[in-house]
1. Name the pairs whose Cβ atoms lie under 9 Å apart, with the first residue in the range 33-51 and under 9 Å from F165 (Cβ atoms) and touching a residue at least 60 places away in the same chain (Cβ under 8 Å), the second open to solvent by 10 Å² or more (accessible area, probe 1.4 Å) and basic (K, R), and 6 or more positions between them or separate chains?
2. Do we find a residue being open to solvent by less than 60 Å² (accessible area, probe 1.4 Å), of a type outside the set (A, V, I, L, M, F, W, C) and at pLDDT below 85 anywhere in the range 39-55?
3. For the subset of the range 152-173 comprising residues that are touching a residue at least 60 places away in the same chain (Cβ under 8 Å) and open to solvent by 80 Å² or more (accessible area, probe 1.4 Å), which member is farthest from T141 (Cα to Cα)?
4. Starting from residues that are open to solvent by 50 Å² or more (accessible area, probe 1.4 Å) and not in a helix (DSSP H, G or I), keep the ones in the range 174-191 and report whichever is farthest from F83 (Cα to Cα).
5. Filter the range 94-130 for residues that are charged (D, E, K, R) and either part of a helix (DSSP H, G or I) or at pLDDT 80 or above (or both) and give the result.
6. Given the structure, is I198 open to solvent by less than 60 Å² (accessible area, probe 1.4 Å), among the aliphatic types (A, V, I, L, M) and assigned to a helix (DSSP H, G or I)?
Amino acid sequence: MTGGLFGAGLTGFATGFSLILAIGAQNAFVLRQGLQRQHVFWLCLFCAGSDALLITAGVAGFSALVHAWPALPLAMSLAGAAFLIIYGVMRFREAWHGDYAMEIEGQSRSLAKTIAIAAAFTWLNPHVYLDTLGLIGAISTGFEGAALKWAFGIGAVTSSFFFFFSLGYGARLLAPVMASPRAWRILDVIIGLVMWAIAAKLLHPVL
């Protein structure tokens, strides 16, 4: 039984890690904050904790909500795309006009504002729901028995904590590279492009 639990947990970890590994809006934001070395712990805890709640709901069968309310994916796509477009504009504007003194000195926005932006990236992203409530929830049904099913879920949750804290605290290794305004401008342009690309992907089924 122990081997079965470990195997289910390992499968959950690998599944969760593979889903979250792709560069997305949330990951780009965590990377940027990690480079600034501000509110890293609380930001990583919030992102991983949000994933934990959604994964738990998915394993528990909450994905039925999507089937009960077919309009939910469209509503989330529109709201998420709008936010990503606006945030992308902000990054392009910063790249054009910003002096980046605060970033180079390691200063950033308040904790409340940081968490608010992270919340928008997390809870307005329909792909988060598809990955956690949908895909992870669906895969968990392949494990017979509550113990194996929840071992899989715990593995997926663990991967999220591992990823976000590694990304947030590992970003500081790039600090020497980000010691110039030019490097920050390039980063913001890349982040802006990522935001708009994700927004376009969200709007594609609608347009």
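1. So the pair list comes out as V40/R172.
2. no
3. R172
4. P176
5. Correct list: E94, E103, E105, K113.
6. The answer is yes for I198.
The values are calculated or read from the model by the stated rules, or taken from the named source; none is laboratory data. Values in this document were obtained by computation on a predicted structure and should not be read as measured data. So basically every Cβ, Gly included, is an ideal-geometry build from the backbone, and we count neighbours across all protein chains shown. Ligands, DNA and RNA are excluded from the accessible area calculation, which covers all protein heavy atoms including side chains. Shrake-Rupley method; radii C 1.70, N 1.55, O 1.52, S 1.80 Å.
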